[in-house]
Amino acid sequence: MSLLRRGARRLASSRTLAQVILRIDLPPIEPGWRYFDLTTPVLVRLVASRVTASTRLLDMGTGAFAAIGLALWRRTGCQVVASDVDEGLVEQARANVAANGAPIPVVRASFFDDIDGEFDCVTFNAPYIPTSQVGADGGDPHYAVQADGGAQGTDVIEGFLAAFEKERRVGLAYLGINSLMVPRDAVTARIAERPGLRLEKTLRMPLLPVHVFAIRHADAPRTKTTSAPAAGGR
């Protein structure tokens, strides 16, 4: 697994590849850093077909490059606010947003705390790597906050679900998880444990071990999507 992850990190550290996949401008990075993980482009691809220019989107855990928020804004023109818990990542994300000329505010926040406004949806590429495996791919451990999901990889996921269950200003959550790190059933079980939430749909792309969980509040009206279903959606 570590050899596979090291190879994936080398690909994710390519500035040229990252700019082609995400369609945004990116700065050079230090050794041990990366521009994205496998979940990033999948989350962008699946969510992009479900938002429009009028969508108000919160990109939570935006990271050093605000990659998901910028990529969705570039593709759809949606209205984005980006957030991260780490001040250093927030400053770097602000710089990259400015370099892309995007009207995206980046705020420091823990989950929904210190977030102003209402949103149609939130995207969250949650930290899901079990603590014992953080750094096994040769990455820089300085910003392990971007990866460390706790002992089983589910601590941040559980914290997010608890926060979203109480948050009425956001209608829909898109939670992206690499199922090689946290199995799909482990996430669906934790959603089921929250009586205030319901799993609306699980989205996938063929051959990739990434699940995107579309989650709503349990009392939200059931709506029909007008966009074409993504490959692998169920």
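The values are calculated or read from the model by the stated rules, or taken from the named source; none is laboratory data. Since this is a predicted model, take the numbers as computed values, not measurements. Cβ atoms come from the backbone with ideal geometry, glycine included; neighbour counts cover every protein chain shown.
Of note:
- Residues being at pLDDT 90 or above and touching a helix residue (DSSP H, G or I) at 6+ places or on another chain (Cβ under 8 Å) - total across segment 1-27: 9
- Consider segment 109-135 and keep the residues that are of a type outside the set (Val, Ile, Thr), crowded, with 16+ Cβ neighbours inside 10 Å and modelled with pLDDT under 85. The one that is nearest to Asp84 (Cα to Cα) is Tyr128.
- Residues of segment 159-195 that are within 15 Å of the chain's Cα centre (by Cα) and part of a strand (DSSP E or B): Leu172, Ala173, Tyr174, Leu175, Gly176, Ile177, Asn178.
- Gly150 passes every criterion in (1) at pLDDT 80 or above; (2) part of a loop (DSSP other than H, G, I, E, B); (3) touching a Pro at 6+ places or on another chain (Cβ under 9 Å) apart from (1).
One line per residue, one yes/no per condition, for (1) touching a Ser or Thr at 6+ places or on another chain (Cβ under 9 Å); (2) modelled with pLDDT of 95 or more; (3) surrounded by 16 or more Cβ atoms within 10 Å (Cβ to Cβ):
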{"residue": "Leu172", "(1), (2), (3)": "no, yes, yes"}
{"residue": "Met181", "(1), (2), (3)": "no, no, yes"}
{"residue": "Ala214", "(1), (2), (3)": "yes, yes, yes"}
{"residue": "Thr226", "(1), (2), (3)": "no, no, no"}
{"residue": "Pro229", "(1), (2), (3)": "yes, no, no"}
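- Boolean, Glu118 is over 15 Å from the mean Cα position of the chain (by Cα) and closer than 23 Å to Pro27 by Cα: no
- Qualifying helices (runs of 4 or more DSSP H) (wholly inside segment 1-110; at least 1 residues being aromatic (Phe, Trp, Tyr) and free of Cβ contacts under 8 Å to residues at least 12 places away in the same chain): none
- Under the condition of being in contact with a Gly (Cβ under 7 Å, 6 or more places away or on another chain) and charged (D, E, K, R), the residues counted in segment 57-109 number 2.
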